[in-house]
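Notes follow once the structure below has been shown.
Quick note: the coordinates plus some simple rules give every number you see, no bench work behind them. Computed from a predicted structure; not experimentally measured. Counting neighbours? That spans all protein chains shown, and the Cβs are built from the backbone with ideal geometry, glycine included.
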C-alpha cells in the first residue's frame, strides 16, 4: 500500500459499548503502527446500556485482546450463559431452551435429528434437549467449561456471559487508553463535510475545537449523528415483519434466595415479551412490546409485578425502529452498533453484530482513496448478516402459539421470502438452508423448530436402514451420557464463587 494513501487517523464518535469495543479492537489490531485513534464522547450523554446478554462470540472477541474470562467476569459482574429459556411462547406453561451447542451425534452423513424424528415417530417421548449437554446443564442450573478436546459431538457446547454493559465499556475504555487511544469528553455541535466530495472532514465540538480524521466511525447510537444526520443515508424499516417498537428497561435485585440461572429468560406477555438477565450484583429486566397493540401503562403493568427482585431503578422507555441503514459504510464513515441498524434483543444479537462489524472493518480497512469494491463488499456482508438475523427473530413470532391479538397478528403476517424458503424446506424434508453471513447455525434453527413443535412431514429415508431397537438403544445411551455428565458438574453458583468478588458489586 502506498504510504501516501494510508489512513493516519480514525475518529470514533460515541463511546458506550460499540465505541469502546471498536477502539479496543483497533488499538490491538494496529499496535505498533502510527495510526492515531480518538474517541469523542460526552460524559453528559447517557448510553442505552441494556445489552447485557451475549452469545459465545463475545468470549472470542475479548480473547483477541488478550483478556481472559475470569478478568472480564470480575470486571462486569458477569454470570455464565448456556442459552436462552423461552417461556410461554407456545401458550401458558410452554418452555424450552435454545442452547449454545449441538444435539446428539450424526451418523453416516445423516443429521442426528433425523434419527430422533424416526424414534419419535415410533413413540419415544424424550425431548430433544435431553441430547444437548448445553441445554441439560442449563436446565439443571449447573455449569462446567467445555472440554478443549471433546470426545464426541455429545460433549460440544459453548457459553457466553450475562454482563454489565456499562462496566464492560469502561473496562475496554481503560484497555484502549492504555494502548494509546485518545478520549475527548465533549459534545459535538456540528459535522463539516468537504465541499469537493461530501466526505466528512471533521467534527466541531461544543467548545469550538475541530477534530479532523481520515476515517470516521459512527457509534453515536440511535441518533446516527454522522451516517444519518450528516450523510443522510436512508434507513430501511422492517416493522412490517417485526411489530415491536418500544421497550422498558429496569434494573433490580436478583431473585431473593435464588442463585443466578445460567441462562437468559424470555417470557411471552400479552403484547410482547419480557427479559430477565441475572448478574452477580443485580439483575436486568425489561419488556419489549408493540405500541400498536399495548399502551405504555399496560406494558409497565405486565413488567413491574414480574421483576426478578426489588427494583433498583425507575423503568426507562426506549423507542426504536427495527431495520438497518441502506449502507452501513458511506464515503469515509462506517456505522457500527445502533447507528447502523437495530434488531430487538430476543436472541442477544446486539453486541454480536458490533463484533462482526469490527471484524469486517479490520478485514476491509481502507486507505484514503476508499475504493468502491471495499465499501461495497463491506456493505453487502453487513446487509446480508442483518437480514439473516432478522429472519431468525421473525421465525419466533411466526411460530408462536398464543391467542392474543398481537400474537395472532405476528403469526398471520407475511414473512420475508428468504425465511419462507427455509421454513418450507424444513417442513418438506427436515433439512436446513444455509446462506452466506449467517450468525445462527442449523442447531439453533433446530432448537427453535423443536421448541415450537414444528416438525417436518417425515425424516431421511436412509434412517430406515437402522435396526429400530438398536436405534432406540443408541439414543438411550446418548441421553444417559449427557445425564451423567450433568450430574457430575458443579452448580453454576459454585463456579461463580470460585471467582473473586465482582468489581461492580
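So here's what we get for this one:
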| item | result |
| --- | --- |
| Angle between the chain longest axis and helix 350-363 axis [Cα atoms, degrees, rounded to 10] | 60 degrees |
| Nearest 10 degrees, 0 to 90: helix 372-398 Cα axis against the chain principal axis | 40 degrees |
| Contour minus Cα-Cα distance for residue 60 and residue 155 (0.36 nm per residue) | 32.3 nm |
| Helical contribution to [θ] at 222 nm, DSSP H n ≥ 4, -39,500 (n - 2.57), averaged over the chain, rounded to 500 | -10500 deg cm²/dmol |
| Separation of the residue 403 and residue 28 label points, Cα + 7 Å toward Cβ, nm | 5.1 nm |
| Segment 372-407-segment 197-233 distance, computed between alpha-carbon centres (Å) | 28 Å |
| Size of segment 31-142 as Cα extents on the principal axes (Å, biggest first) | 65, 39, 22 |
| Shape of segment 175-256, Cα gyration tensor, a/c cut at 1.5 | oblate |
| The chain: translational diffusion in µm²/s, Stokes-Einstein, Kirkwood Rh over Cα pairs, 4 °C, 1.567 mPa s | 54 µm²/s |
| Overall Cα dimensions of segment 362-505 - principal axes, largest extent first, Å | 65, 51, 41 |
| FRET efficiency, residue 362 to residue 441 (Cβ-Cβ, R0 22 Å, nearest 0.05) | 0.45 |
| Helix axis angle, 16-29 relative to the chain longest principal axis, alpha carbon, degrees | 80 degrees |
| Distance between modelled label sites at residue 469 and residue 4, nm, 7 Å Cα→Cβ extension | 8.3 nm |
| Considering only the chain, percent of DSSP beta bridges that pair antiparallel, nearest 5 | 70 percent |
| Difference of contour (0.36 nm per residue) and Cα-Cα distance, residue 369 to residue 457 | 26.3 nm |
| Whole-number Å³ per residue for the convex hull built on Cα positions in segment 251-387 | 137 Å³ |
| Protection proxy ranking, peptides 17-28, 103-114, average beta carbon neighbours within 10 Å, highest first | 17-28, 103-114 |
| Gain upon complete extension [residue 429, residue 124; 0.36 nm per residue less C-alpha separation] | 107.8 nm |
| Distance between modelled label sites at residue 95 and residue 185, nm, 7 Å Cα→Cβ extension | 4.7 nm |
